[in-house]
């Protein structure tokens with residue numbers, strides 16, 4: 001029988017192998033978390049494909065197109081009995097801008113800053129009359145219209161003129177800018193078909209450069225259509241059927257697909 005003082009004590013604790021296995025497992029977990037963080041960061045904040053910038057771009061485009069639709073519904077307001085197509089409302093193909101003046105830092109990237117002043121040149125495209133068969137062909141990149149200002153019925157001295165211009169000029173990378181601008185005439189402008197290329201237009205950017213896969217285009221035709229709808233027919237009153245078309249610069253096939261909006265403007269014949 002051994003004396004109590006001579007009993008061998010069993011050692012307790014972690015062996016070096018156990019510690020090394022634990023460190024290896026910890027390193028694998030940390031590497032997995034870093035890899036997951038990188039994937040999530042790329043999907044959320046990547047400047048071109050991330051969800052956050054894409055959502056911001058989609059919000060800007062949706063707001064701009066909604067504003068355009070609202071503004072166009074006011075075209076020809078205050079004209080009795082109706083504003084005339086090709087006179088108070090007109091289309092221009094191959095429209096381009098010439099900068100007249102700009103505030104300090106007149107360019108935001110490749111986009112004209114608000115309150116910049118430009119002139120517009122291009123080729124007038126006649127708006128036809130007849131039965132509409134959507135989608136309309138011969139789309140252009142500029143649309144101009146009049147609306148009554150402070151005087152109703154509208155008069156040449158008080159009329160207000162507006163325009164929409166899709167900028168098809170080239171960026172430094174060779175791609176088209178495809179920015180969309182709302183234009184408002186400075187001073188007397190009526191009839192717009194005689195003055196559009198002699199007017200200084202004040203710019204309000206609606207869609208920045210690089211967000212659209214192709215420029216927003218406009219088409220119109222005088223026909224019989226039901227007000228503020230896409231319904232056309234012989235029993236409907238006369239109006240102007242307008243169509244906007246666009247496609248966004250998105251990596252999603254669904255988002256980048258071509259889209260359009262159409263409506264009948266009852267104030268124009």
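Bear in mind these aren't lab numbers, they're just calculated from the coordinates by the rules spelled out. Please read these numbers as outputs of a predicted model, since none were measured by experiment.
Things worth noting here:
- Cα shape, segment 80-199, gyration tensor, a/c 1.5 rule: oblate
- Rounded, prolate or oblate (a/c below 1.5 giving rounded, otherwise prolate when a/b exceeds b/c) for segment 58-265 by Cα gyration tensor: oblate
- DSSP beta bridges confined to segment 58-265 are antiparallel in about 95 percent of cases.
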